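Working notes, beginning with the structure itself.
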Amino acid sequence: MELIKDLPDRLLFAVPKKGRLHTSCLSLLEGADIQFHRKNRLDIALVKNLPIALVFLPAGDIAKFVGEGNVDLGITGQDMVAEAEAQDKVSEILELGFGKCRLCVQVPVKNGAAKVEDLVGKRIATSFEGISSNFFKDIDAKAGGDKKTELVFVSGSVEAACALGLADGIVDLVESGETMQAAGLHDIETILSSQAVLIASRKPKHPELVQTIAGRIKGVIAAQKYVYINYNVERKFLKEASHITPGRQAPTVSPLENPDWVAVSSMVLKNNVAQTMDDLEAIGARDILLFAIQNCRV
Ligand SMILES: Nc1ncnc2c1ncn2[C@@H]1O[C@H](COP(=O)(O)OP(=O)(O)OP(=O)(O)O)[C@@H](O)[C@H]1O
Ligand SMILES: O=P(O)(O)OC[C@H]1O[C@H](OP(=O)(O)OP(=O)(O)O)[C@H](O)[C@@H]1O
C-alpha cells in the first residue's frame, strides 16, 4: 500500500480482488472504458485513460476504506456495507444489478428450529458477526428472559457448522439455495436482501471524477437494462402505442410517407420486452424491430 501515498493526483477506486463480485466488476469497468493493466499479484493498477488508480481489495474491506475516506469510490455488496456498519459513512450511488442474494437464518430441515425465537440461547455460526449479533440481540430482548444466543464466528463454509455439531443454526447468504439444500438446511428468516452497489466516500477527494465515473457506470447499467424498440403503427393508435412504449421521457414519433402511419422508437425494459412486443402487435403495429443498446446516458 506504499504506492497509494505516491498517487495523490489519482482517484482511488476499490474493486473486489476475487470472489463472487470480481468478474462482473471487471465487465463493468470495461463497459465504462476504464482501461488498465494489472501486473501479476499487484493490488493496485493505474488506469491508462483517466487519472484513476484501481485498488483490488477483499469485498469485505471495501466499505471500511470508502467510509473512512481512504478511497473515493468502491464496489461491494450491500451486505458488506451493513456488516461494516458503514451505511452512514458512504453514499450509495447506484445498485448494480448483480451479486443479488439474501442473508438468511438457516437451520437443519430435520429437527431444526421452526422460527428464530426458538434459537434463543442456542449457538449460531456465521461470518456476519455484526449483523447477526444485532439481529439476535433484538430477538433475545423480545424473548424477555436472560438467555443469550451465542454467536460462533466462522470465516467460510458456514453451512457445514450444523452438521459438524458446532451450531444449531447459521446466518449466511443464499442465492439459488443449492448450497443450503445440499447441507440439509432451509431458511426460516431473511435478515436482509443484498446486491452489488457503487459507493462513494461522503467527502471524496476528487468529487468531479466521482461524478464522471458514476455517470459512465450508470450508462452501462442502463444499457444492460433497456433495449431500443422501433416500429410502425397507424396514427390513430399512437395514444395506445405511447402507453405501451412510453420511453424514459416520451417516445420519438416520426412521420412516414403514408400520412396515416407513423414510426415510433423508444427505450423499453429488457425483462418485459416480449410482452411489450405482444401488446404492440395486438394494436396492429408492424415491422417491430429490437436493438441492443451498447452504451447510453440517461
Ligand atoms: N451466492 C451468491 N450469489 C450472489 N452474490 C453473492 C453470493 N455469495 C456472495 N455474494 C455477494 O458477493 C459478496 C462477496 O462474496 P464472496 O463469497 O465472493 O466473498 P469473499 O469472502 O470476499 O470471497 P471468497 O469467498 O473468495 O473469500 C458478498 O458479500 C455478497 O454481496
Ligand atoms: O444459494 P447459493 O447459490 O448456493 O449460494 C450461496 C453460497 O454462496 C456463497 O458462498 P461462495 O460460493 O461464494 O463461497 P464461500 O463459502 O467461500 O464464500 C455463500 O456464502 C453461500 O455459501
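Kindly indicate the residue of segment 249-277 that is without any contact (Cβ under 8 Å) to a residue 12 or more places away in the chain and more than 26 Å from Ile221 (Cβ to Cβ) and also surrounded by the fewest Cβ atoms within 10 Å (Cβ to Cβ) among those meeting that condition.
Residue satisfying both the conditions and the ranking: Glu257.
Report yes if some residue within segment 110-117 is farther than 19 Å from Ile191 by Cβ and not charged (D, E, K, R); otherwise report no. Outline the logic, then answer.
So the first thing to find is which residues in segment 110-117 are farther than 19 Å from Ile191 by Cβ, and the list is 110-111.
Narrowing further to those that are not charged (D, E, K, R): 111.
Looking for residues that are farther than 19 Å from Ile191 by Cβ and not charged (D, E, K, R), one finds at least one in segment 110-117, hence yes.
Out of all the residues in segment 238-248, is one or more closer than 30 Å to Cys101 by Cβ, open to solvent by 20 Å² or more (accessible area, probe 1.4 Å), among the polar types (S, T, N, Q) and in contact (Cβ under 8 Å) with a residue 12 or more places away in the chain?
Kept after step one, since they are closer than 30 Å to Cys101 by Cβ, are these residues of segment 238-248: 248.
Applying the additional criterion that residues be open to solvent by 20 Å² or more (accessible area, probe 1.4 Å) yields 248.
Now restrict to residues that are among the polar types (S, T, N, Q): none.
So far as segment 238-248 goes, no, none of its residues is closer than 30 Å to Cys101 by Cβ, open to solvent by 20 Å² or more (accessible area, probe 1.4 Å), among the polar types (S, T, N, Q) and in contact (Cβ under 8 Å) with a residue 12 or more places away in the chain.
Quick one: Gly60 ticks every box in (1) touching a helix residue (DSSP H, G or I) at 6+ places or on another chain (Cβ under 8 Å); (2) within 16 Å of ligand 2 (Cβ to nearest atom); (3) open to solvent by less than 10 Å² (accessible area, probe 1.4 Å) bar one, so which box is it?
All conditions are met except number (3).
For segment 88-100, state whether one or more residues are out of contact with any helix residue (DSSP H, G or I) (no Cβ under 9 Å at 6 or more places or on another chain) and within 14 Å of ligand 2 (Cβ to nearest atom).
Among the residues of segment 88-100, at least one is out of contact with any helix residue (DSSP H, G or I) (no Cβ under 9 Å at 6 or more places or on another chain) and within 14 Å of ligand 2 (Cβ to nearest atom), which makes the answer yes.
Can you spot a residue in segment 151-162 that is at negative phi, of a type in the set (Phe, Trp, Tyr) and loosely packed, with under 15 Cβ neighbours inside 10 Å?
Yes, segment 151-162 contains at least one residue that is at negative phi, of a type in the set (Phe, Trp, Tyr) and loosely packed, with under 15 Cβ neighbours inside 10 Å.
Can you list the helices (runs of 4 or more DSSP H) found entirely within segment 126-240 that contain at least 1 residues being away from ligand 1 (no atom under 16 Å from the Cβ)? Step through it out loud before you land on a result.
Working: elements: 129-143, 160-163, 178-182, 207-225.
Answer list for segment 126-240: 129-143, 160-163, 207-225.
Within segment 278-298, can you find the residues that are more than 12 Å from Tyr228 (Cα to Cα) and open to solvent by less than 70 Å² (accessible area, probe 1.4 Å)? Spell out how you get there, then give the answer.
First, pick out the residues of segment 278-298 that are more than 12 Å from Tyr228 (Cα to Cα): 278-287, 297-298.
Across segment 278-298, the qualifying residues are Asp279, Leu280, Ile283, Gly284, Ala285.
Check off (1) in a strand (DSSP E or B); (2) touching a Cys at 6+ places or on another chain (Cβ under 9 Å); (3) open to solvent by 30 Å² or more (accessible area, probe 1.4 Å) for Glu92 and give me the number that stays unchecked.
(2)
Tally up the residues in segment 241-253 that are under 19 Å from Asn295 (Cα atoms) and part of a helix (DSSP H, G or I), please.
Qualifying residue count, segment 241-253: 0.
For (1) open to solvent by 30 Å² or more (accessible area, probe 1.4 Å); (2) in contact with a Cys (Cβ under 7 Å, 6 or more places away or on another chain); (3) of a type in the set (A, V, I, L, M, F, W, C), each residue gets a yes or a no:
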{"position": "Gln35", "(1), (2), (3)": "yes, no, no"}
{"position": "Leu42", "(1), (2), (3)": "yes, no, yes"}
{"position": "Lys48", "(1), (2), (3)": "yes, no, no"}
{"position": "Val71", "(1), (2), (3)": "no, no, yes"}
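Among all residue pairs at least 6 apart or on different chains, which show Cβ distances below 7 Å where the first residue, located in segment 166-185, is closer than 16 Å to Val105 by Cβ and the second is more than 13 Å from ligand 1 (Cβ to nearest atom) and aromatic (Phe, Trp, Tyr)?
none
Give me a count of the residues in segment 95-136 that are under 27 Å from the mean Cα position of the chain (by Cα), polar (S, T, N, Q) and surrounded by fewer than 17 Cβ atoms within 10 Å (Cβ to Cβ).
Of the residues in segment 95-136, 2 are under 27 Å from the mean Cα position of the chain (by Cα), polar (S, T, N, Q) and surrounded by fewer than 17 Cβ atoms within 10 Å (Cβ to Cβ).
The values are calculated or read from the model by the stated rules, or taken from the named source; none is laboratory data. Predicted model only: the values in this text are computed from it and were never measured. Every residue, glycine as well, gets a Cβ built from its backbone with ideal geometry; the counts of neighbours run over all protein chains shown. Just so you know, the surface numbers come from the protein's heavy atoms only, side chains and all, with ligands and any DNA or RNA stripped out. Shrake-Rupley method; radii C 1.70, N 1.55, O 1.52, S 1.80 Å.
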